[in-house]
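Just so you know, all these numbers are worked out from the coordinates, no wet-lab data involved. Predicted model, so just to flag it, every value in this text is computed and none were measured. So basically every Cβ, Gly included, is an ideal-geometry build from the backbone, and we count neighbours across all protein chains shown.
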Amino acid sequence: MKTLVVYYSYGGNTEKTAKVLVGLLKDKGFTVDVHKLKPENEKRNFFLQCLDALRGREAVLSDDVNFDLAGYDLVCIGSPVWAFAPTPAVNTYLDKMLNAGGKDAIVFTTYGSGTGVEKCINSIKKRLKQKGIREVYNFNIQQAKVDDRDFAVSMMKDKLKKVLNVET
Ligand SMILES: Cc1cc2nc3c(=O)[nH]c(=O)nc-3n(C[C@H](O)[C@H](O)[C@H](O)COP(=O)(O)O)c2cc1C
């Protein structure tokens, strides 16, 4: 199954989780392309970051970003939770993604206190559905657990049983 993993990570937690997911998908025989979203002029102030996320703002992304999902069977999108919402870089991706119709998606987040995780996921799911995504699977990893690979893999296996085609 040809898969695109797209994620944003400011502090590295979501990147660690993305790497575990990529490893797991490859172990299961998936062909995986990975893309880290990099905003131009990234804001570094916590309150400004929260404000942008709360307002659903988008970021201008540097590098060539592949928004076109033609040729992929599955897209995985990862974001930290910021102020109960996805990050501006991920907002941009969700807005610009093309040819998503009929494909499945895995949404993953990392988070701190856990406040707003559900809201963040629902907001991403809603936009993926608007783009024609068929089924959305998701898992969330608390920031204190991102270095625990076994925990992350067990979460992924548990939540992604159907897409990974695993029993346990
Ligand atoms: C601007 C900002 C806002 C955040 N808002 C939330 C939040 O609403 N809920 C939550 O559980 N964690 C929140 N966090 C914690 C992050 O989601 C968490 O640390 C995440 O793992 C960071 O991922 P990263 O290292 O990939 O950037 C926030 C962090 C930042 C920097």
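Quick look at the values:
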{"quantity": "Full-stretch length increase - K161, L98 - with 0.36 nm per residue and alpha-carbon distance subtracted", "calculated": "20.0 nm"}
{"quantity": "The stretch 2-164: antiparallel DSSP beta bridges as a percent of all, rounded to 5", "calculated": "10 percent"}
{"quantity": "Spatially close lysines, pair count over the stretch 1-95: Cα under 12 Å, gap of eight or more or interchain", "calculated": "4"}
{"quantity": "Cα-centre dipole for the chain with unit charges at Cβ (Lys and Arg positive, Asp and Glu negative), debye to 20", "calculated": "380 debye"}
{"quantity": "For the stretch 126-141, 3J(HN,Hα) per residue [Karplus equation, 6.51 cos²θ - 1.76 cosθ + 1.60, θ = phi - 60°, Hz, x = Gly/Pro]", "calculated": "4, 5, 5, 5, 4, 8, x, 4, 7, 10, 10, 9, 8, 8, 9, 10"}
{"quantity": "Given charges at Cβ of Lys, Arg, Asp, Glu: the chain dipole, positive-most of Q143, G101, L4", "calculated": "G101"}
{"quantity": "Cβ-defined net charge surrounding F67, 11 Å radius [Lys, Arg +1; Asp, Glu -1]", "calculated": "-1"}
{"quantity": "Residue-count net charge about N41 - beta-carbon cut-off 13 Å; Lys, Arg +1, Asp, Glu -1", "calculated": "0"}
{"quantity": "5 angstrom amide H check on C76, placed H, neighbours 5+ away", "calculated": "L4, V5, V6, I106"}
{"quantity": "Cα lying deepest toward the dipole's positive end in the chain, options L48, L37, V20, charges on Cβ", "calculated": "L48"}
{"quantity": "Two-decimal ratio, the chain, of alpha-carbon radius of gyration to 2.2 N^0.38 Å", "calculated": "0.96"}
{"quantity": "Under 5 Å, built H, 5+ apart or other chain: amide partners of D68", "calculated": "L98"}
{"quantity": "Helix-only [θ]222 nm of the chain, DSSP H runs n ≥ 4, -39500 (n - 2.57) each, per residue, nearest 500", "calculated": "-11000 deg cm²/dmol"}
{"quantity": "Residues whose placed amide H lies under 5 Å from that of N138, excluding near-sequence neighbours", "calculated": "V107"}
